[in-house]
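Before any comments, here is the structure.
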Amino acid sequence: MLRTALSLSMVTGQAFRMVHIRGQRRKPGLMRQHLTCVKAACEISSGTAVGAEIGSTELTFDPGKLRGGDYHFAIGTAGSTGLLFQTLLPALLQADGPSRLRLEGGTHNPLAPPFEFLERVFLPALRRMGADATIRLVESGFAPAGGGVVGSNIIPGAGLAPCDFHQRGELQRMVIRVPIRNLSAAIGQRMLEAALEKFPGADAAVDVREPGPGRGVCCLVEADFEHAAELTSGFGEQGVTAERIGARAAKAMHDFIGCGAVVGRQLADQLLLPLALAGGGSFTTMAPDAHVATNIAVIERFLPVKFRITEAARGTRLIAVSAP
């Protein structure tokens with residue numbers, strides 16, 4: 001909710017006040033990754049924020065004029081650089097000039113899109129809508145150490161155009177990669193082999209990313225279709241076998257392919273804001289999680305649009321947005 005509100009506030013010029021931030025969490029209030037989003041939003045929009053401190057459960061944000069330029073933001077933990085990038089991108093696409101970003105933090109951490117998802121799934125979808133932005137991985141950063149670096153070039157344009165995502169076409173390529181750092185290569189190989197049980201013909205490899213800070217491992221399963229792409233992931237965690245993580249990432253992709261949807265669950269949540277800014281569009285996706293409903297509620301507070309979710313074939317959903 002906070003990241004979506006920050007993006008829309010910067011784009012629309014509307015100030016907002018948010019209370020009970022992360023109120024149901026074990027550690028309520030702003031964490032460092034959220035605070036970095038707030039401070040970055042202040043910098044690129046010449047805005048002000050009251051309550052911008054660690055642990056704060058209330059925030060008032062008032063944006064100013066958007067400014068392109070060279071920006072460097074360091075989260076200071078393994079907090080997601082991807083979520084920070086997605087918070088700033090809509091605003092910088094409407095800034096007064098091009099921008100270059102250098103973001104430091106986590107690039108491969110649970111509960112956030114890994115770098116490869118942004119590069120190969122999220123940004124290609126936005127380019128279909130007219131966005132001119134690129135992203136590059138300078139250094140991987142696994143949780144909990146962080147230390148990752150991402151760069152991006154963003155060029156403003158005439159605005160996003162409505163787009164429909166209804167046809168994915170035939171499967172063209174299946175790729176499985178297991179990025180690993182400072183762990184036994186055997187762990188990565190076991191994870192890879194578990195994923196290959198679902199997709200035995202995939203282009204597969206363990207990708208050693210050393211030297212670098214900390215240690216970590218994840219399984220990335222990517223499917224390229226004629227008109228779409230999807231990437232599912234599983235991240236190493238204490239007490240969970242490598243085989244289970246690899247199988248989990250592969251099953252998520254298997255379920256996506258089987259349902260016939262064009263947009264996966266993660267991308268579904270992330271397309272809502274760009275389509276709303278474009279003023280229209282639609283896509284088919286898997287049964288959405290609670291994030292979609294929450295995101296829609298925030299977007300409809302800022303923009304004169306209305307979302308509709310209807311049932312489609314094989315348990316999928318059609319999500320459409322238009323002016324009321």
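Since every read-out is calculated from the coordinates, none of them should be taken as a lab result. Because the structure is a prediction, the values reported are computed rather than measured. With ideal geometry, Cβ positions are generated from the backbone for all residues, glycine too; neighbour counts draw on all protein chains shown.
Before moving on, here are some points about what is shown:
- Taking Cβ atoms as reference points and 12 Å as the exclusive limit, the residues near residue 156 contribute a net charge of -1, counting Lys and Arg as +1 and Asp and Glu as -1.
- Rounded if a/c under 1.5, otherwise prolate or oblate - the range 6-47, Cα gyration tensor axes: oblate
- In nm, spacing of pseudo-spin labels at residue 62 and residue 128 (7 Å Cα→C-beta vector): 4.1 nm
- Ranking 72, 30, 238 by Cα position along the charge dipole of the chain, where only Lys, Arg, Asp and Glu carry charges on their C-beta atoms, puts 30 farthest toward the positive end.
- Computed from the C-beta positions of residue 238 and residue 102, the FRET efficiency with R₀ = 35 Å rounds to 0.65.
- Calculated from backbone phi, Karplus (6.51, -1.76, 1.60) coupling profile of the range 314-321 in Hz, x at Gly/Pro: 6, x, 7, 10, 9, 10, 10, 10
- A simple spin-label model places pseudo-atoms 7 Å from Cα toward Cβ; at residue 254 and residue 287 they are separated by 1.9 nm.
- Positive-end ranking of 174, 150, 8 along the dipole of the chain, with charges on Cβ about the Cα centre, is headed by 8.
- Residue list for the range 104-141, given a label point 7 angstrom along the Cα-to-Cβ vector of residue 314 and an amide N cut-off under 16 Å: none
- Other-chain or far-sequence residues with amide H under 5 Å of residue 204's (modelled H): 176
- Estimated dipole of the chain in Debye, rounded to 20 [Cβ of Lys and Arg +1, of Asp and Glu -1, Cα centre]: 600 debye
- Electrostatic bookkeeping for residue 256 treats Lys and Arg as +1 and Asp and Glu as -1; over the other residues with beta carbon under 12 Å from its beta carbon, the sum is +2.
- Two-site FRET efficiency, residue 208 against residue 323, from Cβ-Cβ distance with R₀ of 56 Å, rounded to 0.05: 0.65
- Taking amide hydrogens as placed 1.01 Å from N in the peptide plane, the amide H of residue 58 sits under 5 Å from those of 21, each at least 5 positions away in sequence or on another chain.
- Cα gyration tensor, the range 2-161 - rounded (a/c under 1.5), prolate or oblate: oblate
- DSSP-defined beta bridges in the range 2-161 - what % are antiparallel, rounded to 5: 75 percent
- Phi angles across the range 253-260 convert, under the Karplus curve 6.51 cos²θ - 1.76 cosθ + 1.60 with θ = phi - 60°, into 3J(HN,Hα) values of 5, 4, 5, 4, 4, x, 7, x Hz, Gly and Pro given as x.
- Residue-span extension gain [residue 14 to residue 53] - 0.36 nm each, minus C-alpha spacing: 11.9 nm
- Taking amide H as placed 1.01 Å from N in the peptide plane, the amide H of residue 69 sits under 5 Å from that of 99, 100, each at least 5 places away or on another chain.
- Distance (nanometres) between label positions extended 7 Å along Cα→Cβ at residue 72 and residue 136: 1.7 nm
- For the chain: rounded, prolate or oblate by the Cα gyration tensor [a/c cutoff 1.5]: oblate
- Protection proxy ranking of 202-214, 110-122 - average other beta-carbon atoms within 10 Å, highest first: 110-122, 202-214
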